[in-house]
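Peer 1: Dumping the structure here so I can ask a few things about it.
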Amino acid sequence: MKITKPLLILLCLLMVVSMAACSPSSNQPQTPVSKEEDAKNTGLTDGAYTASSKGNNGDVNVTVLISEGRIEQVQVGEHNETEGIYETPVERIPNAIVEHQSLAIDTVSGATHTSKAILDAVSQCIQQAGGKIEDFSTPIETAASDAAEEYEADVVVIGAGGSGSAAAVAAHQKGAKVIAIEKTANVGGSAAMSGGMAAVNSSMQIADPETTFTPSEWLSDWMMQQNYMVSAPMIYKFISESGRTVDWLLENGMELNFVAHHQEALMDSPFRTYHAWTGEGFAASMSKILSKLPENGGQLMTETTATQLIMEDGKIAGVMAKKSDGTIVIIKSPAVILATGGYGASEEKIMEVLGFKTNGINTGTQTGDGISMAIAVGAATEGYSNVEFHGAHSAFDLIAGLPNGGASLNHMAINPGALWVNVDGYRFTNEDICYDSSYIGNITAKQGDHYYVLVDQNFIDTLSDEGAIGLGITKDGASFGNTGPKHDEAWTTLKEEIEAGLKNGVTVKADTLEDLAAQAGVNAKNLVDTVKAYNESCEAGIDRMFSKKDQFMVPIGDGPYYLVMGRTTQLCTLGGLKITTDMEVVDTNNQVIPGLYSAGVDCSGSMYNNAYVSYEGVTMGWVMTSGRLAGENAGEYIK
Ligand SMILES: Cc1cc2nc3c(=O)[nH]c(=O)nc-3n(C[C@H](O)[C@H](O)[C@H](O)COP(=O)(O)OP(=O)(O)OC[C@H]3O[C@@H](n4cnc5c(N)ncnc54)[C@H](O)[C@@H]3O)c2cc1C
């Protein structure tokens, strides 16, 4: 599966997601069970059974062979899981199930959804074969490991996502022995889901005749977007180094294409900066590039979680980590680069800084570890609470179990032809904002935990029978990463999803607006007034409040009425450690902590005021550029 269009796919993904990261089972000792005993106890009827369950990108099909009352073979069949992520669970989980005759197998960290889909499909097969799930739930004994392994390196990189991978390669190219530690089984982090990166003055962009802006024009526009509450030297560093990063990636075998723009809403922007991953995609290409680390004696350690920095005489002296089997790892090293991807996967930390829930899209492993480890040794923070709001969807946690994964509700939550209201009953934006991921992310975040999309019965009937085109809407809602039905096709599962959603409040239905408001906890008087004013605008043929485009002005008619809950989506946090423009982490006295560097969204806080910029690919542009610079600088430092 290609990663260049990950967003469409990611939806299904996130509806079923639990962000928990677990450790794998390969190192767990076997508890042998004899075949005879199995056949007697399990009640399984011999045969081949098939089932499917939703993974990241759709159904994962599994066939289970039962022989002599025992699970003889588990085979994962057709699926559309993400390349670079699915391989480990697809290989490991079936083997572990057969080995232990149990479904109590740990999921693979960073591949939780694929792992869960396999386990769920196998449990369905067991039930088909007449077995009881409780009989296959025996916990696997894990050996308590107090073993410790010791290593030495010139540079340790914590996190082999986007920025960490770039940092490891750059330090390696400076001649350093690099050990890169990665929590999951795979390289890439959230960067593996990205489509590309922003840069100016790459050789590809210089060759583009339509690109006319200068780096300083971009900087000045950026500063205006952020109300000048940013570090101009840091942004300038990124902008002026970004083109070199693209060329460096190309030299190292990454495939990129200059496509100028990525989002329809920004097609007319003069800042033609978008470079898209092509070829095998980010994760597969980066894995190949990282395979060179052993040339200098270094290595990539996957399924290993860094836990603590080691300091000696006020300088970095190494890292402590833990492997998934419990083995403690101690790496002595004079330089460490923190690249753990911020804390977007920690619902608790997100709640702490924002005070409301978000739909988080990530690999489930960005829990703020690098930032916490650095704070523990005296590091200062900057822009800690900045979050990259990007798009909106329905509430992932509430639609997870609905039919079709709630895909139509996700699409309803960004419907430009509907009327959007907050819990105060006010309309808060032109609904066609859905075509700009940053703006829709920001405005929906401003509403707090959720907002609602209000429609009438006619709207629902028309979508169900004809699609949005039946309402005169000739364009799909296009917030970040939304799948779901197209404007010119019938939304066949919408009614079923709405009915199911009534049970947990993600959808609300009532004959009157007052009753609707009461059920959803929305201010009824304001809601009634809002509908009245909106309908007047529809009738006048001009949106008097927000200037929404005419084609999206669909009046609210007779009931029953519906509310569908929407919630802002975030791709990562942006703030964290305070750094110099050489990527060195500083302490609370603004002094460099010798040997400690950072890269990626662990340390991009100074570039934003309180919202992401409305350009495309800026996080990955920074991630790859800061990673390269951190690696190069750490490589120089150890000399
Ligand atoms: C679906 C999606 C699409 C996106 N598309 C784009 C796009 O097109 N363009 C763009 O600019 N941005 C995009 N982004 C944002 C971008 O992917 C992130 O900003 C970027 O990945 C952050 O890079 P990073 O290196 O800081 O973190 P990551 O890439 O997330 O890497 C962090 C790594 O650290 C590991 N880790 C965490 N803690 C530890 C620990 N204690 N020990 C060891 N390892 C640890 C994690 O497992 C992870 O692999 C997208 C994000 C998502 C989710």
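The values are calculated or read from the model by the stated rules, or taken from the named source; none is laboratory data. In this text, all values refer to a predicted model and were calculated from it rather than measured experimentally. Every residue, glycine as well, gets a Cβ built from its backbone with ideal geometry; the counts of neighbours run over all protein chains shown.
Peer 1: Look through the range 294-322, keep the residues that are free of Cβ contacts under 8 Å to residues at least 12 places away in the same chain and not in a strand (DSSP E or B), and return whichever of them is surrounded by the most Cβ atoms within 10 Å (Cβ to Cβ).
Peer 2: Here the residue is PRO294.
Peer 1: For the range 174-293, list the strands (runs of 3 or more DSSP E) that sit wholly inside it and hold at least 3 residues that are hydroxyl-bearing (Ser, Thr, Tyr) and within 16 Å of the ligand (Cβ to nearest atom); which are they?
Peer 2: none
Peer 1: How many of the residues making up the range 359-385 are more than 12 Å from the ligand (Cβ to nearest atom) and closer than 24 Å to SER437 by Cβ?
Peer 2: The total comes to 3.
Peer 1: Closer than 30 Å to VAL259 by Cα, at pLDDT 85 or above and out of contact with any Lys or Arg (no Cβ under 9 Å at 6 or more places or on another chain): which single residue out of TYR49, TYR86 fits that description?
Peer 2: The conditions single out TYR86.
Peer 1: Answer with yes or no whether ILE399 is under 20 Å from the mean Cα position of the chain (by Cα) and away from the ligand (no atom under 16 Å from the Cβ).
Peer 2: The answer is yes for ILE399.
Peer 1: For the range 158-173, which positions are in a helix (DSSP H, G or I) and of a type outside the set (Gly, Ala, Ser)?
Peer 2: VAL169, HIS172, GLN173
Peer 1: Looking at (1) among the charged types (D, E, K, R); (2) modelled with pLDDT of 95 or more; (3) buried (at least 20 other Cβ atoms within 10 Å of the Cβ), which is the one condition that is false for ASP424?
Peer 2: Of the numbered conditions (1) among the charged types (D, E, K, R); (2) modelled with pLDDT of 95 or more; (3) buried (at least 20 other Cβ atoms within 10 Å of the Cβ), the odd one out for ASP424 is (3).
Peer 1: Considering only the range 597-616, state which residues are more than 9 Å from the ligand (Cβ to nearest atom), at pLDDT below 95 and crowded, with 24+ Cβ neighbours inside 10 Å.
Peer 2: Residue satisfying the conditions is TYR612 alone.
Peer 1: For PHE356, only one of the following conditions fails: (1) surrounded by fewer than 24 Cβ atoms within 10 Å (Cβ to Cβ); (2) within 14 Å of the ligand (Cβ to nearest atom). What is its number?
Peer 2: (2)
Peer 1: State all residues of the range 563-591 that are of a type in the set (Ser, Thr, Tyr), surrounded by 24 or more Cβ atoms within 10 Å (Cβ to Cβ) and in contact with a Lys or Arg (Cβ under 9 Å, 6 or more places away or on another chain); if no residue qualifies, say none.
Peer 2: THR568, THR573
Peer 1: Right, next: Taking the range 97-115 as the search range and keeping residues that are in contact with a strand residue (DSSP E or B) (Cβ under 9 Å, 6 or more places away or on another chain) and touching a residue at least 60 places away in the same chain (Cβ under 8 Å), which one is farthest from the ligand (Cβ to nearest atom)?
Peer 2: GLN101
Peer 1: Sticking with this structure for a sec: I'm trying to understand the selection: among the residues of the range 314-335, which are closer than 15 Å to GLY164 by Cβ and either away from the ligand (no atom under 11 Å from the Cβ) or touching a Lys or Arg at 6+ places or on another chain (Cβ under 6 Å) (or both)?
Peer 2: ILE331, SER333, ALA335
Peer 1: Are there strands (runs of 3 or more DSSP E) fully within the range 328-408 with at least 1 residues that are touching a helix residue (DSSP H, G or I) at 6+ places or on another chain (Cβ under 6 Å)? List them.
Peer 2: 335-338, 387-393
Peer 1: Which number in (1) closer than 29 Å to ASN257 by Cα; (2) more than 9 Å from the ligand (Cβ to nearest atom); (3) part of a loop (DSSP other than H, G, I, E, B) marks the one condition that LEU629 misses?
Peer 2: (3)
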